[in-house]
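Right, one structure below, let's go through it.
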Amino acid sequence: MDTSPAGPDYDPTVEDPAPAAARHRAGAPEPAPLTEHGPARVIAVANQKGGVGKTTSTINLGAALAEYGRRVLLVDFDPQGALSVGLGVQPHQLDATIYNLLMERGVEAEDVILETSVPGMDLLPSNIDLSAAEVQLVTEVGREQALGRALKRVLGNYDVVLIDCQPSLGLLTINALACADHVLIPLACEFFSLRGVALLMDTIDKVKDRLNPDLELIGVLATMFDSRTVHTREVHQRVVEAFGDLVFDAVINRTIRFPETTVAGEPITTWAPNSSGAAAYRMLAREVIAR
Ligand SMILES: Nc1ncnc2c1ncn2[C@@H]1O[C@H](COP(=O)(O)OP(=O)(O)OP(=O)(O)O)[C@@H](O)[C@H]1O
Ligand SMILES: [Mg+2]
């Protein structure tokens, strides 16, 4: 199996053939423009497995939603700060991050939120300070609702809030699930992609049961799809068998374009607007709006 970030024969000027599973589907319709904004739907992008495309999907789904006129807030909820980096922000140079918003009285979301290069898309950045919050929150009353409290005041300003979770099922991810309306699970089309998903679903069920009865799985996104390998199609088939209609028709191909966008510090929708990757995230955005 090809485990490199992208195939050697990738040509960005050529649209990839749609993966077999998506080829015959029409996808969701072009969304109607909005005449007014908010309150936001909150979507946690979560999978405790690392490197499955959570951050990449948060950035590019967000940018595609913004292209459709949605006001979007991206929340970097990983102390690694990869979402912030992917949008050209140097996390260690920030005066205020989501850590300050969570842990300090008197700090409001407006004080921390940054505009991004994408019109209509803002960022709540994070850096390594957030790892201290996870420790400090443990002893707090209402520790699972800290993020929800912090975001409450700004929900009216946005149509969609996307929370990029860290690769764990610890307190930060629980906070994201506790304040979300939906959870979106990216799954890489690789060996063992389904391993650990039962634990994730179990955690979602527990949060739904104990903290947030409105939480729903909005869908499963197949990522790192490599149309040249049989294996990737088999994994995709297994994901469809496991999740049925919850699997988004949009499938994200494995291409070097995504690592490139991280270096560029911008989404694929602006870095390579005509690429298959940009088209796939636009298709995902239409499905998310329709669900
Ligand atoms: N469709 C893709 N094709 C090729 N490379 C990709 C794709 N999506 C993401 N990548 C690359 O794979 C790596 C992991 O992606 P990403 O950071 O989005 O995953 P993650 O789930 O957020 O990881 P972590 O669990 O560490 O937070 C990054 O280098 C990213 O650029
Ligand atoms: Mg990430």
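The values are calculated or read from the model by the stated rules, or taken from the named source; none is laboratory data. Note that the coordinates shown come from a computational prediction; the quantities given were computed from them, not determined experimentally. Note that each Cβ is placed from the backbone with ideal geometry, even for glycine, and that neighbours are counted across all protein chains shown. The area values use the complete protein model at the heavy-atom level, side chains included, leaving out ligands, DNA and RNA. Shrake-Rupley method; radii C 1.70, N 1.55, O 1.52, S 1.80 Å.
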With only helices counted (DSSP H, runs n ≥ 4, each -39500 (n - 2.57)), the per-residue ellipticity at 222 nm for the chain, to the nearest 500, works out to -10500 deg cm²/dmol
Estimated FRET transfer efficiency (Glu115, Arg291; beta-carbon r; R0 30 Å; 0.05): 0.60
In the Gaussian network model of the chain, springs joining C-alpha atoms below 10 Å, which of Ile256, Ile268, Ile43 carries the largest mean-square fluctuation? Ile256
Over 23 Å [Cα-Cα, the stretch 34-290], rounded percent: 47
If the chain between His37 and Asp95 were fully extended at 0.36 nm per residue, the gain over the current Cα-Cα distance would be 18.0 nm
Considering only C-alpha atoms, what is the centroid distance from the stretch 39-75 to the stretch 128-188, in Å? 13
By accessible area of protein heavy atoms, probe 1.4 Å, what ranking do Met121, Met103 get, highest first? Met103, Met121
If I model the stretch 137-291 as equal point scatterers sitting on the Cα atoms and use the Debye formula, what is log10 I(q)/I(0) at q = 0.13, 0.15, 0.19 Å⁻¹? -0.71, -0.93, -1.32
Relative to the present Cα-Cα distance, how much length would full extension add between Lys206 and Phe192 at 0.36 nm per residue of separation? 2.7 nm
Kindly report the accessible area of the stretch 34-290 per residue (heavy atoms of protein chains, probe 1.4 Å, no ligands, DNA or RNA), in Å². 40
Once the other residues with Cβ under 11 Å from the Cβ of Ala133 are scored (Lys, Arg +1; Asp, Glu -1), what is the net sum? -3
Quote the FRET efficiency, to the nearest 0.05, computed for Ile128 versus Ala242 with a Förster distance R0 of 35 Å and r equal to the Cβ-Cβ distance. 0.50
For the chain, built as a Gaussian network whose Cα springs stay under 10 Å, the top-fluctuating residue of Leu87, Leu177, Leu211: Leu211
Between the residues Phe248, Val183, Gly50, the Cα farthest towards the positive end of the dipole of the stretch 34-290, that dipole coming from +1 and -1 charges on the beta-carbon of Lys, Arg, Asp and Glu, is from Phe248
Projected label distance in nm at Arg105 and Glu30, using a 7 Å step from Cα toward the beta-carbon: 5.3
Measure off, as a whole percent, the carbon and sulfur share of the 1.4 Å-probe accessible area of the chain, all protein chains present. 52
Using a Gaussian network for the chain with springs between C-alpha atoms less than 10 Å apart, which of these wobbles most: His182, His236, His37? His37
